[in-house]
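Peer 1: Next up is a structure, given as structure tokens.
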Amino acid sequence: MAVSKANLRKLEYLWDNENKVEWIQTFIKIADKEGNIVPFMLTAEQKELVDNLEHMNIISKSRQLGCSSITVALSIRECVINENATCVLISHNQSSTNDIFSKLKQQFYSLPDWLRPGLLTNNRQALTFDNGSSITCMTAGNKDCGRGATYNGIVHLSEFAFWKNQDTQLKSILQAVSSSATVVIESTSNGFNKYSELFLQAKNGENAFKSFFFNWINGRSLFENHYKMAVKEYKAKHNNKMLSPNDYDEEEKELAKLGMTPEQAVWRRDKISVSGIDAFHIEFPATPEESFVATGSSVFDSSRVCSILTHILEKKVLPLSIDKITGIPATLRQHVQNKSFSIWQIPKSGAKYYLGVDVAEGLGGKRDFSTIFVMDNDGNQVAEFKNNKIKPYEFADIVDCIGRWYNKGLLTVEKASGGHSVIERLRYEKHYMNMTKYKTYDEFNRAKWQVGFDTNNKTKSIAVNDAREWFDKGLIRINSKDLLEEMKVFVAEDNGSMNAVSGSHDDLISAFWLCIQGAKNGYWYPF
């Protein structure tokens, strides 16, 4: 078939990797929700994903946003324009694998005859083509996927949070992935596991994956008919009146700020009436943390955390810039400039301040942070320090300097890890006297005062619950976005321990509850 120059130029344009969206919309058709075969016109979320995919990608999403449809289309494109491309689409169960293979065949046969490559095999849920390319659909079971294979095209891991042996399976698959492949892990939430760990690390820039999040509010185009039905039922029950933003509850008001329409609010209420609020948060999250927390046991009130965080963002509550900080010691100035030390209020003459201090080993990378939470006598957070590259002996100098600047505030330092070293240096080299102490008795019943906070299962449980009470009752004003983000993923586990979920940090939370223990102590040691 002869091709005109104009069409040839168009084909050259479509074959460019920068124009994947246009290629799919030009050549591929899909079955819509009514079963009609129509051109594949991508949603805004699908376009964003296609245009921004990198080598390693991980997606947290609301249900039914079309991730599998777009990865099928990308796989077909990969195998049409490239020889010897190998793509694999892996699902969490056999039913899902069957559905994806059906989508694959439907989209493949929708290609124009002149474009569609010759099909060599169409069995066992795999298509192989006469140009050497192939697309395989498989189920993630107990046996390692990808062993002995090589994948250089699209590698899609669907509903990864529901896989068995996630860690082992992922390692096996990634060993089979070449540098030219595009790996896409996507899932709705299923508690805290390897998937949530990978996603949260990616979101924090702590692993090789690029994170994407697609909420149900922005994915409205796929649910328009559902919204219309929900509105019709709502009006029938309310004298033909529609829900107004004035009728929203507190959570709905926050969702409206994210773009939720009254039609979506009606649909949401209908869904919640059937399945409950937690189930809705899991399947239709507004934020990734919301879905993870809904399937776990959050220690801090999630709605209060989100409300305070929203207020901070809306009111632009920011740390003071260096030019507005007067009287700061030279030792601390560099840490303000490198964003380790955040100050919302400089010390006031005669005021009392409390400092909670959590010490890490200062090894950098993904490891723990050394942190300081500074609070005034009215419960207002005035400053915060966070850095994971400072060694304990260096951190002792910083703690001493911040403590003395804030009117020789009361230091509560945890006796764990590098905390022992910091306490010794503060006490006996820096002669810092205003530090939390506790009384012990030796074998002769002689009282002995110990400096610092001795953490064990009992004392930590008490301290965390004290912090929880202060937070829930509004006895403390938190200005730190980082601390609030940690609160989102700080959970109580089945064994009773309370920690950040795997893949996240809780170092600022530790400094927070240590500070409160100092304030509750009631002792002050002037020097």
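Peer 1: Roughly what % of DSSP beta bridges within the range 352-418 run antiparallel, to the nearest 5?
Peer 2: Close to 75 percent.
Peer 1: Now for a different question. Tell me, what is the FRET efficiency for Lys339 and Val274 to the nearest 0.05, using R0 = 45 angstrom and their Cβ-Cβ distance as r?
Peer 2: 0.45
Peer 1: Between Tyr109 and Glu361, what's the calculated FRET efficiency when r is the beta-carbon distance and R0 is 51 Å? Round to 0.05.
Peer 2: So the FRET efficiency works out to roughly 0.30.
Peer 1: In what order do Arg268, Arg367 fall by count of nearby beta-carbon atoms within 10 Å, going from fewest to most?
Peer 2: Neighbour counts put them in this order, fewest first: Arg367, Arg268.
Peer 1: Among Arg124, Arg63, Arg477, rank each residue by its count of other Cβ atoms within 10 Å, from fewest to most, as a rough exposure measure.
Peer 2: So the ranking, lowest neighbour count to highest, is Arg124, Arg63, Arg477.
Peer 1: If you don't mind, there's one more thing I want to ask. How far apart, in nm, are the 7 Å Cα→Cβ label points at Asp397 and Ala149?
Peer 2: Label at Asp397, label at Ala149, 5.5 nm between them.
Peer 1: Taking a virtual spin label 7 Å from the Cα of Met242 along the C-beta vector, which residues in the range 249-287 bring their backbone nitrogen under 19 Å of it?
Peer 2: 249, 252-253, 255-271, by backbone N distance to the label point.
Peer 1: Post the alpha-carbon centroid distance, the range 324-371 to the range 225-278, in whole angstrom.
Peer 2: 45 Å
Peer 1: Still on this structure, please answer the following. Expressed in nm to one decimal, what extension gain is obtained for the pair Gln64 and Phe527 from 0.36 nm per residue of sequence separation less their Cα-Cα distance?
Peer 2: Between Gln64 and Phe527, full extension yields 160.3 nm more.
Peer 1: Right, here's the next one. Taking θ = phi - 60°, what integer Hz values does the Karplus form 6.51 cos²θ - 1.76 cosθ + 1.60 yield along the range 378-387, in sequence order, with x for Gly and Pro?
Peer 2: Per-residue couplings from phi come out as 8, x, 9, 5, 10, 7, 7, 10, 8, 7 Hz.
Peer 1: Right, something else. Using R₀ = 56 Å, calculate the FRET efficiency as 1/(1 + (r/R₀)^6) where r is the Cβ-Cβ separation of Ser180 and Glu314; round to 0.05.
Peer 2: For R0 = 56 Å, the calculated efficiency reads 0.80.
Peer 1: Ok, one more. Most exposed first by the Cβ proxy, i.e. fewest other Cβ within 10 Å, how do Glu186, Glu206 rank?
Peer 2: Glu206, Glu186
Peer 1: Using alpha carbon centroids, what distance separates the range 123-153 and the range 54-71, in Å?
Peer 2: Answer, in whole Å: 19.
Peer 1: Of Leu258, Phe223, His281, whose Cα points farthest to the positive end of the dipole of the range 223-296 (charges on the beta-carbon: +1 Lys, Arg; -1 Asp, Glu; origin at the Cα centre)?
Peer 2: Checking the options against the dipole of the range 223-296, the answer is Phe223.
Peer 1: With both partners inside the chain, how many of the DSSP beta bridges are antiparallel, as a percent to the nearest 5?
Peer 2: 50 percent
Peer 1: Where the centroid of each part is defined by its Cα atoms, how far is the range 494-527 from the range 12-53 in Å?
Peer 2: What the calculation gives is 50 Å, centre to centre.
Peer 1: Counting only helical runs of four or more DSSP H residues, what would the 222 nm mean residue ellipticity of the chain come to if each run contributes -39,500 (n - 2.57) and the total is spread over all its residues?
Peer 2: Calculated mean residue ellipticity at 222 nm is -12000 deg cm²/dmol.
Computed from the coordinates by the stated procedures, all read-outs in this text should not be read as laboratory data. Since the structure is predicted, the reported quantities are computational estimates derived from the model, not experimental observations. Reconstructed Cβ throughout: ideal geometry from the backbone, glycine too, with neighbour counts over all protein chains shown.
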